[in-house]
């Protein structure tokens, strides 16, 4: 039996998250990101970080206001130009990039398993983990490709190879944190009775994705320092 207070907290958290994502989307219409792939990344980040994601967007990632042609050569800047900001900010933004692909993949996979009842070896939980990773990896590589390929001037094949190299470890680190939390949800806190049709489920997944962000952050730090990923 899920306590009423937890259901209320979950609903409020989801409302705050969707509201934060909506505010970012509205602002992006006026101030699109210089790197186009970051336009979906910031709203998706707000879906699990909520108001913290909104703060991070305004404090760390918001683009400069578009200027008229005669002013475009003067005083223009962008918050997330990796050349003029602290390394921890570049790593944070790179981690949001990784987290967005994982989050979107996880959402798709969770609903797919829930609505189809798909089960590998008789386990829907095992199916969730497998499909979460597959969808997260696919979308993560796509997100990574559209950042690395333009920055390095790579073609399709080389861009995909570079994206896989850059995203495999960071994505895996994110999923390790998330999957660990999902195991606690399943085997310690709620058993097999909590499903994606409950707001509590997605509140718990928000927590899991924040944990995933925490586990992928040091990996992104290492990958950028090693030159495997680009600073965002």
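The values are calculated or read from the model by the stated rules, or taken from the named source; none is laboratory data. These numbers were taken from a predicted model, which means no experiment stands behind them. FYI the Cβ positions are ideal-geometry reconstructions off the backbone, even for glycines, and counts take in every protein chain you see.
Values as computed for the structure displayed
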| item | result |
| --- | --- |
| Pairs, first within 14 Å of residue 10 (Cβ to Cβ) in the range 203-232, second modelled with pLDDT of 95 or more and in a loop (DSSP other than H, G, I, E, B), C-beta under 8 Å, six or more apart | 206/50 |
| Matching entry among 120, 143, 137 (being in contact (Cβ under 8 Å) with a residue 40 or more places away in the chain and out of contact with any strand residue (DSSP E or B) (no Cβ under 9 Å at 6 or more places or on another chain)) | 143 |
| Residue within the range 179-191 that is crowded, with 16+ Cβ neighbours inside 10 Å and under 30 Å from residue 149 (Cβ atoms) present | yes |
| Residue 140 being buried (at least 20 other Cβ atoms within 10 Å of the Cβ), at pLDDT 90 or above, farther than 22 Å from residue 7 by Cα and under 20 Å from the mean Cα position of the chain (by Cα) | no |
| Test for residue 89: is it in a helix (DSSP H, G or I), modelled with pLDDT under 95 and buried (at least 16 other Cβ atoms within 10 Å of the Cβ) | yes |
| Subset of the range 146-175 (residues that are over 20 Å from residue 132 (Cα atoms), in contact (Cβ under 8 Å) with a residue 40 or more places away in the chain and in contact with a helix residue (DSSP H, G or I) (Cβ under 9 Å, 6 or more places away or on another chain)) | 146, 147, 148, 150, 152 |
| Any hit, the range 25-36, residues being assigned to a helix (DSSP H, G or I) and crowded, with 23+ Cβ neighbours inside 10 Å | no |
| Residues (over 21 Å from residue 50 (Cβ atoms) and either in contact with a strand residue (DSSP E or B) (Cβ under 8 Å, 6 or more places away or on another chain) or in contact (Cβ under 8 Å) with a residue 60 or more places away in the chain (or both)) located in the range 176-196 | 186, 190, 192, 195 |
| Candidate set: the range 124-137, residues that are touching a helix residue (DSSP H, G or I) at 6+ places or on another chain (Cβ under 9 Å) and surrounded by fewer than 18 Cβ atoms within 10 Å (Cβ to Cβ); chosen: the one modelled with the lowest pLDDT | 124 |
| Condition check for residue 212: surrounded by fewer than 20 Cβ atoms within 10 Å (Cβ to Cβ), under 21 Å from the mean Cα position of the chain (by Cα), at negative phi and assigned to a helix (DSSP H, G or I) | no |
| Residue within the range 94-116 that is out of contact with any strand residue (DSSP E or B) (no Cβ under 8 Å at 6 or more places or on another chain) and either modelled with pLDDT under 80 or not in a helix (DSSP H, G or I) (or both) present | no |
| Selection within the range 187-206 - over 16 Å from the mean Cα position of the chain (by Cα), assigned to a helix (DSSP H, G or I) and closer than 23 Å to residue 137 by Cα | 201 |
